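Q: Got a structure here, written out as structure tokens. Questions coming.
The values are calculated or read from the model by the stated rules, or taken from the named source; none is laboratory data. The structure displayed is predicted, hence computed values, not measured ones. Backbone-built Cβ (ideal geometry, glycine too); neighbour counts: all protein chains shown.
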Amino acid sequence: MRQITNHLPTAELQALDAAHHMHPFTTNEALARKGARIITRASGVYLTDSEGASIIDGMAGLWCVNIGYGRKELAQAAARQIEELPYYNTFFQTSHVPAIALAARIADLAPGDLNHVFFASSGSEANDTNIRLVRHYWALKGQPERSVIIARKNGYHGSTIGGASLGGMVPMHQQGNLPIPGIVHIDQPYWYLEGGDMTPEDFGLARARALEEKILEIGADRVGAFIAEPVQGAGGVIIPPASYWPEIQRIVDKYGILLIADEVITGFGRTGAWFGSQTFGIRPHIMTIAKGLSSGYAPIGGSIVCDEVAAVIASDEFNHGYTYSGHPVAAAVALENLRIMEDEGVVEHVRDVAHPHLAARWHALADHPLVGETTLVGMMGSLALTPVKGRRARFAGEQGAAGLITRERCFANNVIMRHVYDRMIIAPPLVMTPDEIDILIDRATKALDEAYAQLKAEGMLVAQ
Ligand code: PXG
């Protein structure tokens, strides 16, 4: 067998990658011409690539490596579990200790009466579970017609058919006839580009009331649930105005609709509390979790379900499950991750140390000539690139072109910061120290300077 290792030359690895590996959310033909950047190892908050560059990871992988890279305890937890019991299912009246312990631990951490966990291997799978849970719940309650789920435009809930349908990403819907029937979308609370002359508070209320309007349009007796991320992550770290969530909560309470908080990004410390629902005062019936549950060291996700919904579902066989639901190795890794988070006070570190330091540095970027606004909650933030200071303007050219140029400058300066159209976003590992935050922001500032110069030189600083 041919050995393909870290020691092969970059070009050879890139050629093999291009020949055999289909990348997600990528125009593979274009990537093949350019060659992927090959990441070979990582430690703490730094990645190393095959050319030896040391890159500070402002995205915690893909919003998931919350405790940072290279924690040996997690490797040991996985190795121990593989030796003891690498796999067993939980379908046919059996259980195992890692799934039991992790479910109990999650129930302890989750607010209110969210005491029951249905495991999956990803956020997408968990949201597929949620669709089936909601519909089965209402059927068991004698209201099978309550099957419509309301979601939001520009929300992200995953890439399976169910997850992509719940999501409100038009480019995803355009490929493959999505959404599936029974899922409808309302407008997002994105004040910066959609708020016009309204105050953020009034706009937040108006966008929340869009839920009530949609419920009345469909008929309250046909609506089963509303799903939303406490803060839209992949949509561009869109933090809703303070008026939004209380009004949403009032509306779901009034119509007796299930509220699903998709906490795949906001869960496990990202917003400075264990869950984003706590930061925003939301009381969901179901929470979607993944990513930070294991800090990305093993694929695991799930749905945390409240007492009442779990009791109704428990009254019948729920014909749903994945081979890897509650996978013992992933569960053992997640448990060890949660132990570290608790023992090392990672949530407190975010609240008392990392967020305040990052906030001071991040919001100072609002003075940069290319920046129209900065937003940050806990350790997730975004900035809007602007062609004209002082106006909430879009770029005249193709949406996202300025963002792409800025992301390329970030790559060149060894800092990972993503773009969503013309917003730049960060979600660094939660354990980042103030010194590391300074390095992140210094590199990001240099990238912004270079992007500004390039956009200016190319005549792209023109408002729509
Ligand atoms: N819900 C939310 C809120 C997410 O952010 C998922 C569900 C799906 O999880 P899985 O584990 O199936 O990917 C996510 C995932 C991006 C990006 O570009 C974001 C995600 C995934 C891939 C890319 O920001 N979030």
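Q: Residues that are farther than 30 Å from residue 389 by Cα: which helices (runs of 4 or more DSSP H) entirely in region 153-211 hold 3 or more of them? Reasoning before the result, please.
A: Details: elements: 161-166, 170-173, 191-194.
Counting at least 3 such residues, we get 161-166.
Q: For region 132-163, enumerate the residues that are within 14 Å of residue 229 (Cα to Cα) and in contact with a His (Cβ under 7 Å, 6 or more places away or on another chain).
A: Hits for region 132-163 are 151, 152, 153, 163.
Q: Further question: Could you look through region 214-224, keep only residues that are in contact (Cβ under 8 Å) with a residue 12 or more places away in the chain, of a type outside the set (A, V, I, L, M) and part of a helix (DSSP H, G or I), and pick out the one that is farthest from the ligand (Cβ to nearest atom)? Talk me through it step by step, then tell me what you get.
A: As a first pass, look at region 214-224 and keep what is in contact (Cβ under 8 Å) with a residue 12 or more places away in the chain: 214-215, 218, 220-224.
Then keep just the ones that are of a type outside the set (A, V, I, L, M); that gives 214, 221-222, 224.
Subset that is part of a helix (DSSP H, G or I): 214, 221-222.
Details: 214: 21, 221: 28, 222: 25 Å.
Here the residue is 221.
Q: Further question: Looking for something surrounded by fewer than 15 Cβ atoms within 10 Å (Cβ to Cβ) and closer than 26 Å to residue 332 by Cβ - is there at least one such residue anywhere in region 51-61?
A: no
Q: Report, by residue number, each residue of region 255-276 that is in contact with a Lys or Arg (Cβ under 9 Å, 6 or more places away or on another chain), more than 16 Å from the ligand (Cβ to nearest atom) and among the small types (Gly, Ala, Ser).
A: Across region 255-276, the qualifying residues are 272, 273.
Q: Need a quick list: strands (runs of 3 or more DSSP E) entirely within region 16-127 having at least 1 residues that are in the same structural domain as residue 443 (by TED's automatic domain parsing). Walk me through it before giving the result.
A: Details: elements: 39-43, 46-49, 54-57, 114-120.
Fully inside region 16-127 and qualifying: 39-43, 46-49, 54-57.
Q: Of the residues 430, 404, which single one is in contact (Cβ under 8 Å) with a residue 60 or more places away in the chain and under 21 Å from the mean Cα position of the chain (by Cα)? Show your work before the answer.
A: Working: 404 fails: in contact (Cβ under 8 Å) with a residue 60 or more places away in the chain.
Among 430, 404, only 430 is in contact (Cβ under 8 Å) with a residue 60 or more places away in the chain and under 21 Å from the mean Cα position of the chain (by Cα).
Q: State the number of residues belonging to region 302-320 that are within 23 Å of the chain's Cα centre (by Cα) and under 29 Å from residue 84 (Cα atoms). Before you say what the answer is, go through the steps one by one.
A: At the first step, the residues of region 302-320 found to be within 23 Å of the chain's Cα centre (by Cα) are 302-306.
Imposing the further condition that a residue be under 29 Å from residue 84 (Cα atoms) reduces the set to 302-304.
Count: 3.
Q: Still on this model: Mind checking which residues of region 377-396 are touching a residue at least 60 places away in the same chain (Cβ under 8 Å) and either aromatic (Phe, Trp, Tyr) or more than 11 Å from residue 422 (Cα to Cα) (or both)?
A: 377, 378, 379, 380, 381, 388, 391, 392, 395, 396
Q: Name every residue in region 156-171 that is more than 10 Å from the ligand (Cβ to nearest atom) and closer than 15 Å to residue 129 by Cα, in order of residue number.
A: 161, 162, 165
Q: Picking from 94, 90, 26, which residue would you name as being under 22 Å from the mean Cα position of the chain (by Cα), over 28 Å from residue 431 (Cα atoms), modelled with pLDDT of 95 or more and of a type outside the set (Phe, Trp, Tyr)?
A: Details: 94 fails: under 22 Å from the mean Cα position of the chain (by Cα); 90 fails: under 22 Å from the mean Cα position of the chain (by Cα).
Step by step, each of 94, 90, 26 is checked, and only 26 is under 22 Å from the mean Cα position of the chain (by Cα), over 28 Å from residue 431 (Cα atoms), modelled with pLDDT of 95 or more and of a type outside the set (Phe, Trp, Tyr).
Q: Pick from 265, 227: which is assigned to a strand (DSSP E or B) and either buried (at least 24 other Cβ atoms within 10 Å of the Cβ) or among the acidic types (Asp, Glu) (or both)?
A: On the way: 265 fails: assigned to a strand (DSSP E or B).
None of the others qualify; the one that does is 227.
Q: Further question: Scan region 365-385 and give yes if some residue there is in contact with a strand residue (DSSP E or B) (Cβ under 7 Å, 6 or more places away or on another chain), of a type in the set (A, V, I, L, M) and surrounded by fewer than 16 Cβ atoms within 10 Å (Cβ to Cβ), otherwise no.
A: yes
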